[in-house]
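I have a structure here, written as structure tokens, and I will follow up with some questions on it.
The values are calculated or read from the model by the stated rules, or taken from the named source; none is laboratory data. Just so we're clear, the structure is a prediction, and the values are computed from it rather than from any experiment. A quick note on method: Cβ atoms are made from the backbone with ideal geometry, for glycine too, and the neighbour counts reach across all protein chains shown.
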Amino acid sequence: MARRGGTRRGGITSEIEKSLKGISFPANKQDLVQQAKSNHASREVIKDIQNLPEDRFNSPIDIAKAWGEEKRGEQTTRSVGTRRGGITSEIEKSLKGISFPANKQDLVQQAKKNNASQNVLQAIENLPEDKFKSPTDVAKAWGEERRGM
């Protein structure tokens, strides 16, 4: 696994994030590989991307989730964008339009603007982190909160 860029608490490495700079979504695995190559990613990073368990990604959050599954060796059978409780894609929709960096209160305010359900608001409030630099950080915190259940 690519680690030179530094793994951030079980999430996607900053090296992979840099390698995917400029990617447009939705994207498939081949799109990610092409973008990484155009950003001069190392062979190790390209291999890590090729090993992701999903093939289609609607956002950086989907990449972070797939990265976490691959890292833990958990290839689950599910539709893209949903997780246990079916709330992940709902959180993603609720945060549409948010600017990063953001804190938990910013996430809650944006979710309210986007008419998020009470379940989503509670899930955001329960996130273990308070500051988020990117959607990937939100996805990682969501994964940590979920594993802590």
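What pairs come up if the first residue lies in the range 100-117 and is under 17 Å from THR136 (Cβ atoms) and surrounded by fewer than 18 Cβ atoms within 10 Å (Cβ to Cβ), the second is among the basic types (Lys, Arg) and at pLDDT below 90, and their beta carbons are under 8 Å apart, counting only those six or more places apart or on different chains?
These pairs meet every condition: PHE100/LYS133; PRO101/LYS133.
Something else about it: Please count how many residues of the range 46-65 are among the aliphatic types (A, V, I, L, M) and either in a loop (DSSP other than H, G, I, E, B) or within 20 Å of LEU95 (Cβ to Cβ) (or both).
Residues in the range 46-65 being among the aliphatic types (A, V, I, L, M) and either in a loop (DSSP other than H, G, I, E, B) or within 20 Å of LEU95 (Cβ to Cβ) (or both): 4 in total.
I need a count of the residues in the range 66-102 that are over 16 Å from ALA116 (Cβ atoms), at pLDDT 75 or above and in a loop (DSSP other than H, G, I, E, B).
Of the residues in that region, 3 qualify.
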